[in-house]
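Each remark here refers to the structure printed beneath this line.
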């Protein structure tokens, strides 16, 4: 039997995912990060899909379902945007791959902490996508 997520879990995960999107943009877009740079295209796609997902999914979750087709379509668009956000987040994790060569930078504790936060955040968005999908398919949201 597949556990169906509760509404509280969906609300909490939605807020978590929104924070991951905003913090990722804030850190990587402002040059505060340590390590390698990221493609502006990947970062922009992650941010755009994440903002779209946050707005559309929040409207879907908060507006009562009247059984109308537009509500189901809104949920499907929100889910798709969360999946796109999660996969672009995984692409952003590629910046943590070690560099090679004579001039590669030395790693310190901040590097590991950044890696840990990035993995927890972006894997959390993917897991949230699974939870949102299950909630959508089983009518919990």
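Computed values, structure above
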| read-out | value |
| --- | --- |
| Residue satisfying condition, being over 18 Å from residue 136 (Cβ atoms), buried (at least 18 other Cβ atoms within 10 Å of the Cβ) and modelled with pLDDT of 85 or more, within set 89, 75, 44 | 89 |
| Members of segment 51-67 found to be surrounded by fewer than 16 Cβ atoms within 10 Å (Cβ to Cβ) and assigned to a helix (DSSP H, G or I), listed by number | 55, 58, 59, 62 |
| Odd one out for residue 33, checked against (1) at pLDDT 85 or above; (2) assigned to a loop (DSSP other than H, G, I, E, B) | (1) |
| One residue from 94, 124, 80 being under 23 Å from residue 42 (Cα atoms), at pLDDT below 80 and either in a helix (DSSP H, G or I) or touching a helix residue (DSSP H, G or I) at 6+ places or on another chain (Cβ under 7 Å) (or both) | 94 |
| Scope segment 127-141; condition surrounded by fewer than 16 Cβ atoms within 10 Å (Cβ to Cβ) and outside any helix (DSSP H, G or I); matching residues | 138, 139 |
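The values are calculated or read from the model by the stated rules, or taken from the named source; none is laboratory data. Remember, it's a predicted structure, so these values are computed and weren't measured experimentally. Cβ atoms come from the backbone with ideal geometry, glycine included; neighbour counts cover every protein chain shown.
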